[in-house]
Structure formats: structure tokens, C-alpha cells
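J.: Just dropping this structure here.
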Amino acid sequence: MISLDRNDEALIAEFERGLELSPARVEAMLEAVGAELTNWLRSLTGEMRPPPGARLVVSSAGSVYTYVPPKGRAEGPRQAHPGGWADVTGQLALGYKHEVLRETSSLWALALFNVTEYAEALEAREGYFVLSGIFTTGMGERVLLKHAERLLENLGRRRSQSGARRGAA
């Protein structure tokens, strides 16, 4: 789950005032955060990974490296995901899910998970991540703050527009 651990006094003050933060708006914001993070985790980077089962071959000079696929397989390199892994079947990327949970009337949670059976084992491997990169890269906080600030801007605009309408009447 993502928690906002940033001392942004203006942002916190706006939330504390409860600027029309209806449950539907909070849920919609968290749903947008979950969708964006899920899409980021599924996305491809410019990084390439060798074909599955390939072996590393080093030239006799020791300076040229190449990957040779197993016999009978003519697969080429694959693009990596943000977690550093390249999906062979596509199941790991499709396994990302998110869910907005309402714990109490004022406490919400966004759960991000991967339902693939080998996701936990890959997460434990050095140099890869399945979910922890949301925190270690700062992506989770950036996306959450972006959507929270957008929500507050929209609410502020609505409030100023309704004040202008009342003043004109």
C-alpha cells in the first residue's frame, strides 16, 4: 500500500479543510493513481534482456559479449519492464491489479498487487522488482501527489467559480 509521507503543509491543510472531498472523489482519485501505477509497472523500457534460456558467450579477446539462444529457438532480445525483468509469456505484466479499499469513513487504502504465482520469487531476486519499485523509485509518491494536487486544484476552481456566481447574484 502507498502512504503519503511528505510534509506538504498546503496540501495537508487543503485536505484537512475537506474541500468537498466526497467519498466518490477520493475513490476516483485513488482509482486514477492505481491505474497509472499499474500501467507504469506493465510498461516497457528501452532496456533489453537476452532471449529466454540464452547463454553468454565471450569472445577469445574477452571484450565482445553475445547471447546465444538454446538450440531450436530463434528468439531475439526482449524489452525490459521498469522492474528490470523481461516477460516471456506476458503473464507477469498482466498479473498487476489494484483495488481501492475503504477502511473507515475517513481512511482509504490503495492496494497494488501481482497475482502471478512467481511474482514473489522474482521480487526476492537481486536487481529486480515486481512491486517494491513503486517505493524505491519514488514513483508512487509522485503519482499520488500529482493526482491529489490535481483534485485540489479542481476543487479550488469550483469553489472560486461558485463564489463568483454568488457575488454576481
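The values are calculated or read from the model by the stated rules, or taken from the named source; none is laboratory data. Quick caveat: nothing in here was measured; it's all calculated off a predicted structure. Methodologically, a virtual Cβ is constructed for each residue, glycine included, from the backbone with ideal geometry; neighbour enumeration extends over all protein chains shown.
J.: If you go through the range 83-113 one residue at a time, how many are closer than 17 Å to residue 147 by Cα, in contact with an Asp or Glu (Cβ under 8 Å, 6 or more places away or on another chain) and aliphatic (A, V, I, L, M)?
T.: 4
J.: Of all residues in the range 94-131, which are surrounded by fewer than 16 Cβ atoms within 10 Å (Cβ to Cβ), closer than 28 Å to residue 47 by Cβ and of a type in the set (Val, Ile, Thr)?
T.: Correct list: 115 only.
J.: Of the conditions (1) at pLDDT 95 or above; (2) of a type in the set (Gly, Ala, Ser); (3) out of contact with any strand residue (DSSP E or B) (no Cβ under 6 Å at 6 or more places or on another chain), residue 133 satisfies every one except a single condition; which number is it?
T.: Every listed condition holds for residue 133 apart from (1).
J.: Hey, another quick one. List every residue pair whose Cβ atoms lie under 6 Å apart, where the two residues are 6 or more positions apart in sequence or sit on different chains, the first residue falls within the range 117-144 and is under 21 Å from residue 26 (Cα atoms), and the second residue, located anywhere, is of a type in the set (Asp, Glu) and in a helix (DSSP H, G or I).
T.: 143/36
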